[in-house]
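Dumping the structure here so I can ask a few things about it.
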Amino acid sequence: MQVTIIEDLTPIIFLVMKNRLICAGALFLSLLACQGTVDPDNTDGGPDDKKPVTDSTELAGTITLYASRSIIEADNEYESELTVLLMDKSGVEHDVTSEVEIYCEGSDTPITESSFRTSEPGEYNFYAMRGFDISNTVTVRAVKGVPALPEDPNVKNMGFHHRMLLLQHTGNECPNCPALMTTLKTLSEDEDYSPAYHHVASHSYNSSDAAYSSSAASLSKELDVHYYPWLTYNLSRDNGYYLDDIRNAIDGYHKEIADAAICASAALVGDDIYVNVGIKSRVDQKYRVAVWLLEDNIRSTQSGATASWQHTHDNCLRAMGGASKNEAIYGRSIGKVGARETYDFIASIDSVLPAWKIENCKIMVIAVSASGNYELVNCTVCPVGGSVTYEYK
């Protein structure tokens, strides 16, 4: 596991391919693809607290295979750890990784270690067997061209700047939406408030809007938006409209010090955008992390406009990375990150459309608490083709 401990204090994206030749070839290359150890704290949505047992051979139940990272760099160093849990009849989960055989589809030979790495790009499907029981299949994608993370400018610093998220639900045929656009412009020019948030415009009102996307429609539906314009806070359904109400909401949501900070680098490789993400945690906490693609400077004639600038739209949601709606909006589980630890992983936005002007695009990375109601911990924005480091107070 690629974890960094700060000051020695105590302290995954998404695809499938059944390529037998790649799998068999990777295994034939004498363990170049499969080495390492198991870390059950970083599973794909799996629980963080497992109960090891001394005689689990007598246990019966369902086995589930988890991969700590769904995308890895094909450099024979970056790893995804494979963990197998068994749920017994009472609902208790046990780590039985040492008792199973894990296979890469296309090979009849089990891998020798439970941490997977490879130098060969491709998609690798894994499943586990325990006796006659067969687990689910998980996919790990190995890729080239992942940009390096930026250097941390202040390794010992845990005083993280906090930003909340303002989600504007809008559309170019909404005649009342320019009023909220004006309010948000005024807010962005207020130096007391502009450093406290990031803004996303979810164009979901009408599909003929040049800034419309299916991701925006999905997000607005998830947040139960029925009226336009509408402004929601973080990933909740709490909402506001008037400037004073929005300022009061920011005052209430904003934290003096965030629980975690985010760094990221993003690059377009072929038709996909790879995002290298680092999470630096001040506290011991389970996290989910989402990546969204935003585009600026989209021209779409705005109904009811009161000024020419309202025909140009920024921070427009284009796409979300994730294998499911829940994962796309609320993020993929990366498990627990300990206090004063960092954790890095690779995410992707797949199949970027030609109509999107990549030079105007950027990536929003959102860290969410995996416990309770998916409380937004922090967010940041990274240019495609660039990077952003941890933001300190």
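The values are calculated or read from the model by the stated rules, or taken from the named source; none is laboratory data. The shown structure was predicted, so the numbers you read here are calculated from the model rather than taken from an experiment. Using ideal geometry, Cβ is built from the backbone for each residue, glycine included, and neighbour counts are taken over all protein chains shown. Calculation scope for accessible area: heavy atoms of the full protein, side chains included, ligands and nucleic acids excluded. Shrake-Rupley method; radii C 1.70, N 1.55, O 1.52, S 1.80 Å.
Within the stretch 222-253, can you find the residues that are part of a helix (DSSP H, G or I) and among the hydrophobic types (A, V, I, L, M, F, W, C)?
L243, I246, A249, I250
Same structure, new question: Can you name the residue in the stretch 275-304 that is open to solvent by 20 Å² or more (accessible area, probe 1.4 Å) and part of a strand (DSSP E or B) and is also farthest from G321 (Cα to Cα) among such residues?
By that ranking, first place goes to R299.
Check off (1) closer than 19 Å to S303 by Cβ; (2) open to solvent by less than 20 Å² (accessible area, probe 1.4 Å) for L219 and give me the number that stays unchecked.
Failing condition for L219: (1).
Also, I was wondering about something else. Name the residue, out of T62, T43, T83, that is at pLDDT 95 or above and β-branched (V, I, T).
After applying the criteria, what remains is T83.
Right, another one. Restricting attention to the stretch 110-127, which residues are assigned to a strand (DSSP E or B) and among the charged types (D, E, K, R)? If you could, list the steps in order and put the result at the bottom.
Looking only at the stretch 110-127, we keep the residues that are assigned to a strand (DSSP E or B), and these are 115-116, 122-127.
Passing the criteria: only E123.
Rundown of residues vs (1) small (G, A, S); (2) surrounded by 18 or more Cβ atoms within 10 Å (Cβ to Cβ); (3) out of contact with any strand residue (DSSP E or B) (no Cβ under 6 Å at 6 or more places or on another chain); (4) modelled with pLDDT of 95 or more, yes/no style:
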{"position": "G322", "(1), (2), (3), (4)": "yes, yes, yes, no"}
{"position": "S348", "(1), (2), (3), (4)": "yes, yes, no, yes"}
{"position": "I363", "(1), (2), (3), (4)": "no, yes, no, yes"}
{"position": "C379", "(1), (2), (3), (4)": "no, yes, no, yes"}
{"position": "C382", "(1), (2), (3), (4)": "no, yes, no, yes"}
{"position": "V388", "(1), (2), (3), (4)": "no, yes, no, yes"}
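Conditions tested, residue by residue: (1) aromatic (F, W, Y); (2) surrounded by 20 or more Cβ atoms within 10 Å (Cβ to Cβ).
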| site | (1), (2) |
| --- | --- |
| R117 | no, yes |
| N125 | no, no |
| R141 | no, yes |
| F160 | yes, yes |
| R163 | no, yes |
| L167 | no, yes |
| N172 | no, yes |
| P175 | no, no |
| H203 | no, yes |
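Sticking with this structure for a sec: Output the residues belonging to the stretch 336-353 that are out of contact with any Ser or Thr (no Cβ under 6 Å at 6 or more places or on another chain), of a type outside the set (D, E) and in a strand (DSSP E or B).
Selection gives K336, Y343, F345, I346, A347, S348, I349.
Just for the stretch 78-107: of the residues that are assigned to a loop (DSSP other than H, G, I, E, B) and polar (S, T, N, Q), which one is surrounded by the most Cβ atoms within 10 Å (Cβ to Cβ)?
Start the filter on the stretch 78-107 by keeping residues that are assigned to a loop (DSSP other than H, G, I, E, B), which leaves 78-79, 88-92, 96, 100, 105-107.
When the remaining residues are screened for being polar (S, T, N, Q), the result is 90, 107.
Numbers: S90: 6, S107: 15.
Once the filter is applied, the top-ranked residue is S107.
Next question. With the structure loaded, tell me whether L219 is farther than 18 Å from Y241 by Cα, among the aliphatic types (A, V, I, L, M), modelled with pLDDT of 95 or more and not in a loop (DSSP other than H, G, I, E, B) or whether it fails that test.
Criteria met by L219.
Continuing with the same structure: Six or more apart or on different chains, Cβ under 6 Å: which pairs go from a residue in the stretch 299-310 that's more than 15 Å from L180 (Cα to Cα) to one that's among the acidic types (D, E) and open to solvent by less than 100 Å² (accessible area, probe 1.4 Å)? Could you list them?
Sorted first by the residue in the stretch 299-310, then by its partner, the pairs are S300/D209.
Among the residues of the stretch 128-137, are any among the charged types (D, E, K, R) and either within 29 Å of A264 (Cβ to Cβ) or not in a strand (DSSP E or B) (or both)?
No: the stretch 128-137 contains no residue that is among the charged types (D, E, K, R) and either within 29 Å of A264 (Cβ to Cβ) or not in a strand (DSSP E or B) (or both).
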